[in-house]
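Structure, as structure tokens:
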């Protein structure tokens with residue numbers, strides 16, 4: 001599934017004294033199977049942008065095309081779109097509401113017309129894919145889960161609908177370092193196993209450097225950068241002007257280069273940095 005955003009414009013509180021242009025002529029294409037990171041400071045337009053991709057928000061001007069068909073065309077099947085483009089919000093408790101985990105994960109498939117039996121099969125498959133496949137989780141209240149388990153249950157609820165695109169809005173927010181690594185590793189494994197498009201919204205430069213293949217940078221509603229993480233982080237000084245930064249490795253490698261060491265300033269992960277530094281010895 002390919003998604004094209006064409007000249008998207010969206011304004012909050014239009015025509016009032018609180019008017020704010022959240023998206024300003026945003027154009028980009030998301031191709032099937034990509035692993036994309038979306039970064040930007042608070043208020044940059046990230047969340048507004050991703051909510052356009054499955055039709056939760058409608059652009060004031062511009063277009064969203066899925067496989068070259070406008071989602072704004074008359075009679076477009078928005079229910080099918082939202083099953084194909086799944087969105088996991090930042091706070092999983094906003095998506096968890098049933099009395100037990102299995103019922104919660106069944107909700108999406110049931111809402112799409114699956115029978116109770118079919119929904120349970122899909123739900124159990126999804127729970128297994130996020131390492132909640134043990135039967136002890138099926139009847140557990142989703143609100144009794146740990147923070148990391150809630151994130152995984154919320155992801156399972158979207159995966160049970162068999163999406164072609166999985167969008168995750170700050171999936172590691174509030175988790176400890178171990179929980180962060182578990183969730184990011186899980187997302188990476190889902191991308192590899194299911195061959196679906198993944199869009200990871202994050203404030204962590206290290207997270208996107210370690211996992212994504214392509215990076216989109218939003219600033220004041222504008223798409224400021226679009227490229228591989230290495231390409232984008234070469235512009236770390238420009239990113240600083242946007243209130244962002246590059247991974248700490250980027251600064252370290254540039255400092256070593258300035259000190260006369262022959263190192264690769266494009267290294268953005270610790271393993272790449274170690275490999276480059278060791279060539280000097």
Enter the angle in degrees (range 0 to 90, nearest 10) between the Cα long axis of helix 116-129 and the first principal axis of the Cα atoms of the chain, meaning the one along which they spread out most. 20 degrees
When the convex hull of the C-alpha atoms of the stretch 3-133 is computed, what volume per residue in Å³ does it have? 153 Å³
Here the relative contact order (percent) of the stretch 141-281, from C-alpha pairs under 8 Å and at least 6 apart, is 15 percent
Calculated [θ] (222 nm, deg cm²/dmol) that DSSP helices of n ≥ 4 give over the chain, each run adding -39,500 (n - 2.57): -11500 deg cm²/dmol
Rh_Kirkwood(the stretch 165-277) over Cα pairs, Å, one decimal, evaluates to 15.1 Å
Give the distance, in whole Å, between the Cα centre of the stretch 103-149 and the Cα centre of the stretch 14-84. 28 Å
Sticking with the crude label model, points 7 Å out along Cα→Cβ, report the distance from residue 238 to residue 192 in nm, one decimal please. 3.3 nm
Whole-Å semi-axes of the stretch 102-219's equivalent ellipsoid (Cα gyration tensor): 26, 17, 11
Is the C-alpha gyration tensor of the stretch 154-204 telling us rounded, prolate or oblate? Criteria: a/c under 1.5 is rounded; beyond that, a/b larger than b/c is prolate, otherwise oblate. prolate
With only alpha-carbon atoms in the gyration tensor, what are the semi-axes of the equivalent ellipsoid for the stretch 68-152, in Å, largest first? 27, 15, 11
From the mean inverse distance of alpha carbon pairs (Kirkwood) and the Cα radius of gyration, derive Rg over Rh for the stretch 1-77. 0.98
Just the Cα atoms of the chain, one point each, no solvent: what log10 I(q)/I(0) does Debye give at q = 0.08, 0.10, 0.14, 0.17 Å⁻¹? -0.37, -0.58, -1.04, -1.35
Counting only DSSP beta bridges with both partners in the chain, the antiparallel fraction in percent, to the nearest 5, comes to 55 percent
Is the C-alpha gyration tensor of the stretch 41-97 telling us rounded, prolate or oblate? Criteria: a/c under 1.5 is rounded; beyond that, a/b larger than b/c is prolate, otherwise oblate. oblate
Ordering 2-12, 257-267, 43-53 by per-residue average of other C-beta atoms within 10 angstrom, highest first, gives 43-53, 2-12, 257-267
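Taken together, the values in this text are just the output of simple stated rules run on the coordinates, not laboratory data. This one's a predicted model, so the numbers in the text were calculated from it and none came from an experiment. Here Cβ is always computed from backbone atoms with ideal geometry, including for glycine, and neighbour counts include all displayed protein chains.
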